Amino acid sequence: QVQLVESGGGLVQAGGSLRLSCAASGTIFRINNMGWYRQAPGKQRELVAIETSGGRTNYADSVKGRFTVYRDNGKNTLYLQMNSLKPEDTAVYYCYLHSLYDYWGQGTQVTVSS
């Protein structure tokens, strides 16, 4: 029904940038919110940024001012632009969509070296 396919992860030096992409497909009748989560080794999955049905994007304090969520509606794609990356940002990043149910991407690894 609904699939989320992520891309753009990789290895980057501290201070560098990466852009993650999440392409959505399938029939979505309603979207309450859509955004990004991440999970670092030994840590629980945490919210990175979420765009609500009201059009507002909320960012985690740890990424505020460095990360930006934006979308290309024509391509049904959600992006996460990550700037000024820190080693603490190293994690598997997951695209997330909430409709009547929760949908997750497969995850993409982001590794930031010192």
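The values are calculated or read from the model by the stated rules, or taken from the named source; none is laboratory data. Please read these numbers as outputs of a predicted model, since none were measured by experiment. Glycine also receives a Cβ, built like all others from the backbone with ideal geometry; neighbour counts cover every protein chain displayed. The protein model used for the area step is the full one, side chains on, heavy atoms only, and it has no ligands, DNA or RNA in it. Shrake-Rupley method; radii C 1.70, N 1.55, O 1.52, S 1.80 Å.
Taking the condition of being closer than 12 Å to Trp104 by Cα and touching a residue at least 60 places away in the same chain (Cβ under 8 Å), how many residues in the stretch 4-32 meet it?
5
Of (1) within 22 Å of Phe29 (Cα to Cα); (2) exposed (fewer than 14 other Cβ atoms within 10 Å of the Cβ), Arg71 satisfies all except one. Which?
Exception for Arg71: condition (2).
Among what's in the stretch 39-61 and is surrounded by 14 or more Cβ atoms within 10 Å (Cβ to Cβ) and assigned to a loop (DSSP other than H, G, I, E, B), pick the residue that is farthest from the chain's Cα centre (by Cα).
Ala40
Evaluate the following for Leu11: is it surrounded by fewer than 14 Cβ atoms within 10 Å (Cβ to Cβ) and assigned to a strand (DSSP E or B)?
yes
If you scan the stretch 19-38, which residues turn out to be open to solvent by 30 Å² or more (accessible area, probe 1.4 Å) and touching a strand residue (DSSP E or B) at 6+ places or on another chain (Cβ under 9 Å)?
Arg19, Ala23, Ser25, Gly26, Thr27, Ile28, Ile31, Asn32, Asn33, Tyr37
Residue under question is Val69, and the condition is that it be of a type in the set (Val, Ile, Thr) and either in contact (Cβ under 8 Å) with a residue 40 or more places away in the chain or within 22 Å of Gly42 (Cβ to Cβ) (or both); does it hold?
No.
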